[in-house]
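Before any comments, here is the structure.
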Amino acid sequence: QVQLVESGGGLVQAGGSLRLSCAASGRTFSRYAMGWFRQAPGKEREFVAAINKSGGSTYYQDSVKGRFTISRDNAKNTMYLQMNSLKPEDTAVYYCAASARVLGYSISSNAYDYWGQGTQVTVSS
């Protein structure tokens, strides 16, 4: 198992940037495919970005492509989401997720077995 803790959320002006971190416990972080999801009030949780175990392959939701960058540092047991050019519609609770079963990456929340507690990102207009 792995425990995940997100950090780095906060309030930012539209057009600004935030860098989210997801710290994972244990010594087997590289065994997990990772993903970022977000959930706005009254809406379903949606996929944001995913990264494979080595960090060599990434995938993004169209609405964040070119603005967000997912990365991971397996030596530090940490995954990141660099968010640039933030928009008010990016406002949501952001969650990191891990899966030992996914061979590459997945955009489906059902494919992930472990979730962090979430971190709030609020983008003001």
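Annotations for the structure displayed:
- Strands (runs of 3 or more DSSP E) lying entirely in segment 1-117 (those with 3 or more residues that are touching a residue at least 24 places away in the same chain (Cβ under 8 Å) and of a type in the set (Lys, Arg)): none
- Scanning segment 22-62 for residues being closer than 19 Å to residue 94 by Cα, over 12 Å from the mean Cα position of the chain (by Cα) and of a type in the set (Ser, Thr, Tyr) gives a total of 2.
- Looking only at segment 100-125, and only at residues there that are at pLDDT below 95 and touching a helix residue (DSSP H, G or I) at 6+ places or on another chain (Cβ under 6 Å), the one that is least open to solvent (accessible area, probe 1.4 Å): 102
- Subset of segment 70-94 (residues that are charged (D, E, K, R) and open to solvent by 20 Å² or more (accessible area, probe 1.4 Å)): 72, 73, 76, 87, 89
- The lone exception for residue 29 - which of (1) touching a strand residue (DSSP E or B) at 6+ places or on another chain (Cβ under 6 Å); (2) open to solvent by less than 20 Å² (accessible area, probe 1.4 Å) it fails: (1)
The values are calculated or read from the model by the stated rules, or taken from the named source; none is laboratory data. No experiment lies behind these values; they were computed from the predicted model shown. In this analysis, Cβ positions are derived from the backbone assuming ideal geometry, glycine residues included, and neighbour counts consider all displayed protein chains. Heads up: the accessible areas ignore ligands, DNA and RNA and are worked out on the full protein's heavy atoms, side chains in. Shrake-Rupley method; radii C 1.70, N 1.55, O 1.52, S 1.80 Å.
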